[in-house]
Amino acid sequence: MTRSFLDCVEAWGGEAVVSWHDRATGSWIFIAMHDTRLGPATGGTRMTSYETPVDGLVDAMRLAEGMTYKWASVGMRFGGGKAVLAVPAELDPEARAGLIDRYAARLVSLRGAFQTGVDLGTTPDDMVRIGAISGYAVGLVDGKPGDPGPYTALGVFAGMRAALEHRFGDADFAGRSVLIQGLGDVGVPLAGLLAEAGATLHLADIREAATLEARGRFGGSVVSPAHMWDVEVDVYAPCAIGATLNRETIPRLRCSIVAGCANNQLLSEADAEALHERGILYAPDYVINAGGAVAFGNIHQGERDPARLRARVERLGSALREMFDEAAAAGESPLHTAHRHAQGFLARHAASGGR
């Protein structure tokens, strides 16, 4: 296992990885800090199970790199980081609370090198607990839990409108169909926004109860995750786990646009080229799903006005519209355009000494 850990870290381009083994629960804690030129490493804490601890480490590193590009793409002064609590199985409430407390104590030992927020498997209430112990939780509104999900959904909705306009010349959702894969903290509010805008919804989730509940609230049809690739839609919105776009699934896609809130939607960057070759417009995940980061980054910096927060999130649509146009002019995938913008921002910031 040690050799595998070392091989993974050696192959990574980030700055540091911190790891601990929590003996009480058998969990592994990984904090990956990818690039801190913009500020302290900042990103969510994910709690889930993996086949091996190494898989949790790799996920943390990939997610941390994505956060570097996310912060740079929206021009915010935070560094790229992510934490993963790789639990061996679902924990009972007492064991889970103990793990959260011990994790928060580890954040204290890092003295602000990493600050965190909600991600898959953690909750706003977890962040209140982590913040009370460590002082390094973001996304709290005057010490109370805040939910980034609706803001993330709003950013994805704005990005979808930009994608529709670019592809079809019209940002109207009426007469357009959207397949949402994953009906969690972001997928549900996204479904609400789309239904209100007149989109036809196709709903997929491994939890049948979640799809039935969403259909009851928003209408649309329930689609089996195993067969969702065969559904012809205008937009495929991955809103669950990452890496759903790969060499097995991309040939099966029957959509014009991929625009969703999941992190690390591509298994590899080569998959962006495969989408481009198929003529499928891809909204880079770390841009379109940045709404929660934008909102809570601004909250962390003192902004409280809901209208201004929403307006800043909705600017993601304008940013994507420009990226789509630039990518089309260059004949490249929007992912390359997004990378170029983010890398340029990072380089300018480094050259100016952080000013």
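The values are calculated or read from the model by the stated rules, or taken from the named source; none is laboratory data. Note that the structure is a prediction, hence the values are computed from the model and not measured. Cβ coordinates were reconstructed from backbone atoms using ideal geometry, including for glycine residues, and neighbour counts include every protein chain displayed. Side chains are part of the model used for accessible areas, which takes the heavy atoms of the whole protein and leaves out ligands, DNA and RNA. Shrake-Rupley method; radii C 1.70, N 1.55, O 1.52, S 1.80 Å.
Can you name every residue in the range 275-290 that is open to solvent by 20 Å² or more (accessible area, probe 1.4 Å) and modelled with pLDDT under 95?
Here is the first cut: in the range 275-290, the residues open to solvent by 20 Å² or more (accessible area, probe 1.4 Å) are 276-279.
The answer is none; no residue qualifies.
Failed condition for ALA11, given (1) aliphatic (A, V, I, L, M); (2) open to solvent by less than 50 Å² (accessible area, probe 1.4 Å); (3) under 28 Å from ALA347 (Cβ atoms); (4) free of Cβ contacts under 8 Å to residues at least 40 places away in the same chain, with all others met?
ALA11 satisfies all of (1) aliphatic (A, V, I, L, M); (2) open to solvent by less than 50 Å² (accessible area, probe 1.4 Å); (3) under 28 Å from ALA347 (Cβ atoms); (4) free of Cβ contacts under 8 Å to residues at least 40 places away in the same chain except (2).
Among the residues of the range 78-99, is any within 20 Å of LEU335 (Cβ to Cβ) and among the β-branched types (Val, Ile, Thr)? Steps first, answer last, please.
To start, the set of residues in the range 78-99 that are within 20 Å of LEU335 (Cβ to Cβ) comprises 80, 82.
Restricting the remaining residues to those that are among the β-branched types (Val, Ile, Thr) gives none.
Scanning the range 78-99, I find no residue that is within 20 Å of LEU335 (Cβ to Cβ) and among the β-branched types (Val, Ile, Thr), so the answer is no.
Does VAL294 count as within 17 Å of MET67 (Cβ to Cβ), open to solvent by less than 40 Å² (accessible area, probe 1.4 Å) and at pLDDT 95 or above?
no
Got at least one residue in the range 163-182 being under 23 Å from the mean Cα position of the chain (by Cα), over 24 Å from LEU63 (Cβ atoms), among the hydroxyl-bearing types (Ser, Thr, Tyr) and not in a loop (DSSP other than H, G, I, E, B)?
Looking for residues that are under 23 Å from the mean Cα position of the chain (by Cα), over 24 Å from LEU63 (Cβ atoms), among the hydroxyl-bearing types (Ser, Thr, Tyr) and not in a loop (DSSP other than H, G, I, E, B), one finds at least one in the range 163-182, hence yes.
Identify, please: which residue in the range 126-162 is in a helix (DSSP H, G or I) and among the hydroxyl-bearing types (Ser, Thr, Tyr) and is, among those, nearest to VAL178 (Cα to Cα)?
Start the filter on the range 126-162 by keeping residues that are in a helix (DSSP H, G or I), which leaves 126-134, 149-162.
Subsequent filtering for residues that are among the hydroxyl-bearing types (Ser, Thr, Tyr) retains 134, 151-152.
Details: SER134: 41, TYR151: 19, THR152: 17 Å.
So, considering only residues that are in a helix (DSSP H, G or I) and among the hydroxyl-bearing types (Ser, Thr, Tyr), the one nearest to VAL178 (Cα to Cα) is THR152.
Give the residue, chosen from ASP22, ASP35, ASP55, that is charged (D, E, K, R), surrounded by fewer than 21 Cβ atoms within 10 Å (Cβ to Cβ), on the phi < 0 side of the Ramachandran plot and touching a helix residue (DSSP H, G or I) at 6+ places or on another chain (Cβ under 9 Å).
Testing whether each residue is charged (D, E, K, R), surrounded by fewer than 21 Cβ atoms within 10 Å (Cβ to Cβ), on the phi < 0 side of the Ramachandran plot and touching a helix residue (DSSP H, G or I) at 6+ places or on another chain (Cβ under 9 Å) leaves just ASP22.
Tally time: how many residues in the range 196-211 are open to solvent by less than 30 Å² (accessible area, probe 1.4 Å), assigned to a helix (DSSP H, G or I) and of a type outside the set (S, T, N, Q)?
Of the residues in the range 196-211, 1 are open to solvent by less than 30 Å² (accessible area, probe 1.4 Å), assigned to a helix (DSSP H, G or I) and of a type outside the set (S, T, N, Q).
Of a type outside the set (Lys, Arg), modelled with pLDDT under 95 and touching a strand residue (DSSP E or B) at 6+ places or on another chain (Cβ under 9 Å): which single residue out of GLY143, GLY117 fits that description?
GLY117
Specify the residue that is surrounded by the most Cβ atoms within 10 Å (Cβ to Cβ); the eligible residues are those in the range 58-77 that are within 17 Å of the chain's Cα centre (by Cα) and over 16 Å from ASN263 (Cβ atoms).
So, considering only residues that are within 17 Å of the chain's Cα centre (by Cα) and over 16 Å from ASN263 (Cβ atoms), the one surrounded by the most Cβ atoms within 10 Å (Cβ to Cβ) is MET76.
Give the residues of the range 221-242 that are open to solvent by 70 Å² or more (accessible area, probe 1.4 Å) and within 18 Å of ASP185 (Cβ to Cβ), sorted by residue number.
ILE241
Select from the range 164-195 the residues that are of a type in the set (Gly, Ala, Ser), surrounded by fewer than 24 Cβ atoms within 10 Å (Cβ to Cβ) and in contact (Cβ under 8 Å) with a residue 40 or more places away in the chain and list them in ascending order.
Scanning the range 164-195 gives SER177, GLY184.
Could you check the range 25-87 for strands (runs of 3 or more DSSP E) lying wholly inside it with 1 or more residues that are under 12 Å from LEU120 (Cβ atoms) and of a type in the set (A, V, I, L, M)?
Counting at least 1 such residues, we get 41-48, 79-86.
Within the range 212-220, does at least one residue satisfy the condition of being surrounded by fewer than 18 Cβ atoms within 10 Å (Cβ to Cβ) and within 20 Å of the chain's Cα centre (by Cα)?
For the range 212-220, residues surrounded by fewer than 18 Cβ atoms within 10 Å (Cβ to Cβ) and within 20 Å of the chain's Cα centre (by Cα): absent.
Out of the range 78-114, which residues are over 14 Å from the mean Cα position of the chain (by Cα), small (Gly, Ala, Ser) and either modelled with pLDDT of 95 or more or within 20 Å of ALA137 (Cβ to Cβ) (or both)?
GLY79, ALA86, ALA95, ALA97, GLY98, ALA104, ALA105, SER109, GLY112, ALA113
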